[in-house]
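Here is the structure we will look at, set down as structure tokens.
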Amino acid sequence: MALLKIARMGHPVLRASAAAVDDPTAPWVRRLVDDMIETVEDADGAGLAAPQVYMPHRIVVFRVDDDRLTDLADDAAQDLTVLINPVIEPVGAERALGWEGCLSVPGLRGVVPRHLRIRYRGLAPDGSVIEREAAGFHARVVQHECDHLDGILYPMRIRDMRNFGFHDVLFPDQPATDD
């Protein structure tokens, strides 16, 4: 396994749509997934998409730790999950605003609207189907990571740029982490 370099906002790989993965069980996919997991864990991020490590493929990894959960009854912690060729469907029209950060946009935070509840489907590295419903932070992180697969970074979704800035200025008493 290897730590991968993380692409930063502005790089062309982050502005393009990623290609579908034909065979989720291919050895190159397993190697990439292992390296992505090592990279996101080293960076202490909540998730990572393949384009963030210069690989234009529809693969995301994410986790939801207990300390990130919202007050929604159906928001639940998630072990590390790998989704290949994910598809997201909103469940209802309700949206919520929330602060987001990104490993590809280091040091910055912004308030982003996201669907409060979603249903998602994708493939695991063994080719099995993963289908889940998600709410709260779980729904937010999946939407954030899947946006990367379509060339969208969270600042593109910010409605009010007054709610976008450097973490250490916005939150001087909190340690900075990039998600």
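The values are calculated or read from the model by the stated rules, or taken from the named source; none is laboratory data. Treat the numbers as computed from the prediction; the structure is a model and nothing was measured. We place every Cβ from the backbone using ideal geometry, glycine too, and count neighbours over all the protein chains shown. With ligands, DNA and RNA removed, areas are computed over all heavy atoms of the protein, side chains included. Shrake-Rupley method; radii C 1.70, N 1.55, O 1.52, S 1.80 Å.
Numbers for the structure displayed
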read-out	value
Members of region 97-115 found to be touching a residue at least 40 places away in the same chain (Cβ under 8 Å) and either acidic (Asp, Glu) or more than 24 Å from ASP44 (Cα to Cα) (or both), listed by number	GLU100
Per-region count, region 123-137, residues part of a strand (DSSP E or B), aliphatic (A, V, I, L, M) and surrounded by 13 or more Cβ atoms within 10 Å (Cβ to Cβ)	4
In region 92-107, residue farthest from ALA176 (Cα to Cα) [restricted to those that are small (Gly, Ala, Ser) and open to solvent by less than 20 Å² (accessible area, probe 1.4 Å)]	GLY98
Test: LEU80 is touching a residue at least 40 places away in the same chain (Cβ under 8 Å), surrounded by fewer than 20 Cβ atoms within 10 Å (Cβ to Cβ), within 14 Å of the chain's Cα centre (by Cα) and assigned to a strand (DSSP E or B)	yes
Region 140-162: number of residues that are surrounded by fewer than 16 Cβ atoms within 10 Å (Cβ to Cβ) and among the aromatic types (Phe, Trp, Tyr)	0
Matching entry among LEU80, LEU72 (being within 13 Å of VAL141 (Cα to Cα) and in contact with a helix residue (DSSP H, G or I) (Cβ under 8 Å, 6 or more places away or on another chain))	LEU80
Residue count for region 1-60, restricted to those that are polar (S, T, N, Q), part of a loop (DSSP other than H, G, I, E, B) and within 16 Å of the chain's Cα centre (by Cα)	1
Any hit, region 165-178, residues being part of a strand (DSSP E or B) and without any contact (Cβ under 8 Å) to a residue 60 or more places away in the chain	yes
Test result for GLU89, more than 16 Å from ALA18 (Cα to Cα), open to solvent by 30 Å² or more (accessible area, probe 1.4 Å), not hydrophobic (A, V, I, L, M, F, W, C) and not in a strand (DSSP E or B)	no
Where a residue in region 9-21 is open to solvent by 80 Å² or more (accessible area, probe 1.4 Å) and its partner, wherever it lies, is assigned to a loop (DSSP other than H, G, I, E, B), with Cβ under 6 Å and at least six apart	MET9/SER104; MET9/LEU153; ARG15/GLY151; SER17/ASP150; SER17/GLY151
